[in-house]
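J.: The structure that follows is given in the form of structure tokens.
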Amino acid sequence: MDVEQNQPMKHAEQNRDSRFEEAAGTYGSALERLARAYEADPDVRRDLIQEILIALWSSLDGFDGRCSLRTWVYRVAHNTAASHVARRMRIGSRVFVGLEEAVELADGTEGEAAVEYRDQIDRLYALVEQLKPLDRQVMVAYLEGMDAASTAEITGLSARNVATKIHRIKQVLARRFRAGGGATQGLGEGGRDER
Amino acid sequence: MNDESPQDRELKELWQNQKTEGVRMSVAEIQASAGRFQRRIQGRNLREYVAAAAVVVFFAFEFWRAGDVLVRAGFALLIAGMCYLAWQLHARGSWSALPRDAGLSTYVEFKRRELERQRDALSSVWRWYLGPLVPGLVVLMIAFGRANPGHLPHMWLAVGVYGAAVAALFIWIGRLNSAAARKLQKEIDELDEGGQ
């Protein structure tokens, strides 16, 4: 009788485990890129990836198909990573900027036509890491090739706000990475916070 | 996003094709790590209980040593206040695993809940953090003033100054927390704007 009663639970656990294998297999690399966007220190980043995977595995108990597995995975990953950033904020004194400010923020290398591959990746991360978590999520989703609707579903922003942010992301990328760009203005102090 | 420039496409490709470390965890490894994480939380909770117990034991010792009824009543109230405060700190503790429904919540919902929790804790600091200690402290101050009438020529003045200093400290802590709660409310409002 006990064996029969345990069957549904065992089945649910197997479901969770197989969903986890599927999610980790499909989105493993994307999750690593996401973790890199939130944590620059390689050792701490490995811990963050593990934390995301544990949170994902635990959460899949409650996965009921109301959203796609991809949306679920990204929500868990972003929420875990943002909590990680909030914890690190309490320890350090790092401030983040919004996309509005990032448009005006120079990184000193604008307009260089022949930038090495590694440099470009590093500069992308340098840009992403200075953004507030919500803007960072939109930026990561954009770079991962997600459409505005998926980004809105993950972040909870309205489609209109996602569209505005994507417009600003394009402006930032244009200033930072296109030849001929030239943002030289300094960064204003107002509006920096953890959000 | 059809108006995407070739440069934007290149950047996306660059981002998506970058080399990753290939960090993988099997279900067995995940289960072991989740267990370790749970034990860390339990260990942290245990340390909190031990710290609270040490303070309560100290007050209990003073209660036992005191001869005066009012002093004893003061320490008894302080013990009760400390127990309530420790329970509240535990119940409101933020260091925990991510909620299991994290995948159901968008970032805005998730962050809003967290900010609301912090705001409520800060704005009600008199009710659960400062307030519970006040009766014990007041009774103890009265008891000390009453129990030593001839010990100091201006005992009541000393008690009054001490009481005023404690009250000023409590009011200052309360105001700091109210200001922090208002800042959090501003962040909540900004989040709400983003969701509209």
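J.: Determine the alpha carbon to alpha carbon distance for each of B:12/B:183; B:12/B:111; A:132/A:170 and list only those over 25 Å.
T.: Values: B:12/B:183 36 Å; B:12/B:111 28 Å; A:132/A:170 17 Å.
From B:12/B:183; B:12/B:111; A:132/A:170, over 25 Å: B:12/B:183; B:12/B:111.
J.: Please list the non-local residues whose amide H lies under 5 Å from the amide H of residue B:68, H modeled 1.01 Å from N, same-chain partners needing a gap of 5 or more.
T.: Here nothing satisfies the definition.
J.: Sticking with this structure for a sec: For the ranges A:142-151, B:119-128, A:72-81, what's the packing order if you count other beta-carbon atoms within 10 Å of each residue, average per peptide, and put the highest first?
T.: On the way: A:142-151: 18.4, B:119-128: 16.6, A:72-81: 27.0.
The most tightly packed comes first, giving A:72-81, A:142-151, B:119-128.
J.: Averaged across the residues of B:29-42, what count of C-beta atoms belonging to other chains lies within 10 Å of each residue's C-beta?
T.: Working: counts 4, 9, 3, 0, 5, 5, 0, 1, 5, 0, 0, 0, 0, 0.
Taking the mean over all residues of the peptide, I get 2.
J.: Next question, about the same structure. On alpha carbon coordinates alone, what is the Rg over Rh value for chain B, Rh being the Kirkwood radius?
T.: Taking Rh as the inverse mean 1/r over Cα pairs, Rg/Rh reads 1.19.
J.: If you take the beta carbon distance between residue A:125 and residue B:50 as r and set R0 to 41 Å, what does 1/(1 + (r/R0)^6) give as a FRET efficiency, to the nearest 0.05? Please list the in-between numbers first.
T.: Numbers: r = 42 Å, r/R0 = 1.03.
Calculated transfer efficiency: 0.45.
J.: Oh, and also: What average count of beta carbons from other chains do you get within 10 Å of the Cβ of residues in B:107-116? Present the calculation step by step, with values, prior to reporting the outcome.
T.: On the way: counts 16, 8, 4, 9, 10, 1, 0, 4, 1, 0.
Mean number of neighbouring Cβ atoms from other chains: 5.
J.: Amide H neighbours of residue A:131 under 5 Å, at least 5 residues apart or on other chains, H built in the peptide plane: list them.
T.: Amide H neighbours of residue A:131, under 5 Å, 5+ apart: A:97.
J.: If packing is taken as the mean number of other Cβ atoms within 10 Å per residue, what is the order of B:154-167, A:152-165, highest first? List each step's numbers first, then the result.
T.: On the way: B:154-167: 13.4, A:152-165: 20.3.
Going from most to least packed, we get A:152-165, B:154-167.
J.: So, one more: Given the -39500 (n - 2.57) contribution per DSSP H run of 4+ residues, what per-residue ellipticity at 222 nm results for chain B, rounded to the nearest 500 deg cm²/dmol?
T.: On the way: 6 runs with 145 residues, N = 196.
That calculation yields -26000 deg cm²/dmol at 222 nm.
No lab work stands behind these numbers, since they all come straight from the coordinates. Note that the structure is predicted; figures quoted are calculated from it, not measured. We place every Cβ from the backbone using ideal geometry, glycine too, and count neighbours over all the protein chains shown.
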